[in-house]
Amino acid sequence: MLPPRIIPLFFHEKVLLITGGTGSFGYGFFDYFIKNKDLLGLPHVVIYSRDETKQQQLQHYLTAQAPFFSVSFVIGDVRDISQLESCFLHYLPDYVIHAAAMKHVSSCEKNPVEAVKTNIFGSHIIRTLCEKYKTKCALHLSADKAVLSEGIYGATKHIAEKIFTTPSSLCRFVNLRYSNVLGSRGSVIEVFQKQLQKNQTLSVSTAAKRLFLSQEEVIMLAILALTDVSLHGTIIKKCPAIRIEDLASAMIELSGSGTCKKLSLHGEGEKDSALLFTEQEGKHLVPVDEKIYLIDFFSNTSITEPPYGTHNAYILTKDEIKEIIQKILNEQ
């Protein structure tokens with residue numbers, strides 16, 4: 001699957017900086033480019049993150065899978081403006097993907113000040129440097145938890161979206177708001193899989209439902225955001241939903257063993273449902289492609305749609321969930 005209206009070899013010899021690029025998004029990004037390098041071209045990628053072990057792991061992976069890829073690794077925190085500016089000054093990135101963030105809901109609830117420093121202040125620093133060094137486009141990876149947030153994580157991502165929503169004449173800023181990523185590291189599938197391997201009981205909220213995209217869909221949306229100069233604002237894609245109880249049941253059936261404990265409560269900062277866009281945002285949707293929209297409050301061409309989330313999304317059946325899980329497991 002390729003983004004619509006892709007420009008051949010768009011990324012050839014460009015410099016692309018990815019903050020927090022050693023996570024699932026980084027691996028998915030490289031895998032996607034490796035498969036589509038003849039069309040997309042190969043940029044020089046700069047990975048900026050604070051975990052040297054994860055950087056070494058990614059470096060070893062790329063050495064084995066794609067030795068032709070030009071990649072630089074920089075140790076640094078997005079909260080460190082001095083180190084981050086040194087990176088910008090040295091590499092002068094054409095494009096930036098801001099993936100670095102505190103993402104775990106429970107960690108953000110327990111460490112709200114650190115979440116604010118990373119998710120809000122870090123995003124502000126990225127924006128400031130992108131404008132100063134005239135980056136062509138900067139993409140912030142957000143989450144549906146930023147919509148009507150009830151916890152620290154969602155609140156900080158909501159503000160980070162606002163930081164990337166304000167128009168600028170020096171750099172094009174775009175948000176990519178998406179839901180849970182099936183099969184990504186730390187995702188519920190991986191958590192359940194590890195618990196089942198240890199013969200642990202899966203604990204799930206009976207009311208919990210989540211919206212899901214594949215990792216490839218997320219990468220495609222990111223490339224679309226970087227390449228389409230007409231996009232300003234927040235990109236979303238309507239996607240199906242999964243009942244977490246059905247997901248647990250499907251994984252137990254596939255593994256042939258395991259038990260599930262059903263709970264009526266959810267964790268602090270969590271919600272049973274998910275919302276991709278609000279009623280107000282639904283009045284400012286610009287169609288980009290099938291199921292893909294841009295939330296742009298400054299656009300004159302818009303359509304109106306009701307709020308979209310787990311309450312009106314298509315719910316995957318257990319058989320459909322099993323098919324997806326089996327595909328993910330086969331690719332591991």
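Here is how the numbers come out for the structure above:
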item: Residue in the range 82-104 that is among the β-branched types (V, I, T) and either within 20 Å of A160 (Cβ to Cβ) or touching a Ser or Thr at 6+ places or on another chain (Cβ under 8 Å) (or both) present; result: yes
item: Any hit, the range 126-137, residues being open to solvent by 40 Å² or more (accessible area, probe 1.4 Å), in contact (Cβ under 8 Å) with a residue 24 or more places away in the chain, touching a Leu at 6+ places or on another chain (Cβ under 6 Å) and assigned to a helix (DSSP H, G or I); result: yes
item: Single residue of the range 289-300 satisfying the filter (touching a strand residue (DSSP E or B) at 6+ places or on another chain (Cβ under 6 Å) and open to solvent by 20 Å² or more (accessible area, probe 1.4 Å)) that is modelled with the lowest pLDDT; result: S299
item: Unique residue being surrounded by 13 or more Cβ atoms within 10 Å (Cβ to Cβ), touching a helix residue (DSSP H, G or I) at 6+ places or on another chain (Cβ under 6 Å) and either modelled with pLDDT of 85 or more or of a type in the set (D, E) (or both) when the list is L285, L276; result: L276
item: Residue in the range 198-219 that is outside any strand (DSSP E or B), in contact with a Phe, Trp or Tyr (Cβ under 6 Å, 6 or more places away or on another chain) and open to solvent by 30 Å² or more (accessible area, probe 1.4 Å) present; result: no
item: Criterion: over 30 Å from C137 (Cβ atoms), of a type outside the set (S, T, Y) and without any contact (Cβ under 8 Å) to a residue 40 or more places away in the chain - qualifying residue of G282, G256; result: G256
item: Answer residue from the range 60-72, given it is over 18 Å from A99 (Cβ atoms) and small (G, A, S) and is surrounded by the most Cβ atoms within 10 Å (Cβ to Cβ) among those; result: A66
item: Flag for G267 being modelled with pLDDT of 90 or more and not in a strand (DSSP E or B); result: no
item: Residue within the range 74-84 that is under 20 Å from A222 (Cβ atoms), over 18 Å from the mean Cα position of the chain (by Cα), open to solvent by 50 Å² or more (accessible area, probe 1.4 Å) and not polar (S, T, N, Q) present; result: no
item: Condition met for S184 (hydroxyl-bearing (S, T, Y), within 22 Å of Y27 (Cβ to Cβ), under 17 Å from the mean Cα position of the chain (by Cα) and in a loop (DSSP other than H, G, I, E, B)); result: yes
item: Near pairs, Cβ below 6 angstrom, 6+ apart or cross-chain, from the range 1-17 (more than 17 Å from E216 (Cα to Cα)) to any residue that is aromatic (F, W, Y) and at pLDDT 95 or above; result: V15/Y91; L16/Y95
item: Inter-residue pairs, beta-carbon under 9 Å, first within 30 Å of F121 (Cβ to Cβ) and of a type in the set (S, T, Y) and in the range 60-82, second in a strand (DSSP E or B) and open to solvent by less than 80 Å² (accessible area, probe 1.4 Å), 6+ apart; result: S72/H44; S72/V45; S72/V46; S72/I47
item: Unique match (being surrounded by 19 or more Cβ atoms within 10 Å (Cβ to Cβ), hydroxyl-bearing (S, T, Y) and under 30 Å from T259 (Cβ atoms)) among S184, S123, S142, S107; result: S184
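Every residue, every condition in (1) open to solvent by 50 Å² or more (accessible area, probe 1.4 Å); (2) closer than 23 Å to S214 by Cα; (3) in contact with a Pro (Cβ under 8 Å, 6 or more places away or on another chain), yes or no:
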site	(1), (2), (3)
F10	no, no, no
V15	no, no, yes
I18	no, yes, no
N36	no, yes, no
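A quick yes/no check of all residues on (1) open to solvent by less than 10 Å² (accessible area, probe 1.4 Å); (2) assigned to a helix (DSSP H, G or I); (3) within 20 Å of V78 (Cα to Cα); (4) among the acidic types (D, E):
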site	(1), (2), (3), (4)
G26	yes, yes, yes, no
Y32	yes, yes, no, no
L39	no, yes, no, no
T53	no, yes, yes, no
L58	yes, yes, yes, no
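The values are calculated or read from the model by the stated rules, or taken from the named source; none is laboratory data. What you see is a predicted model, and the numbers here were worked out from it, not measured in a lab. Positions of Cβ are backbone-derived with ideal geometry, glycine not excepted, and every protein chain shown enters the neighbour counts. Surface areas here come from the heavy atoms of the whole protein model, side chains and all, with no ligands, DNA or RNA. Shrake-Rupley method; radii C 1.70, N 1.55, O 1.52, S 1.80 Å.
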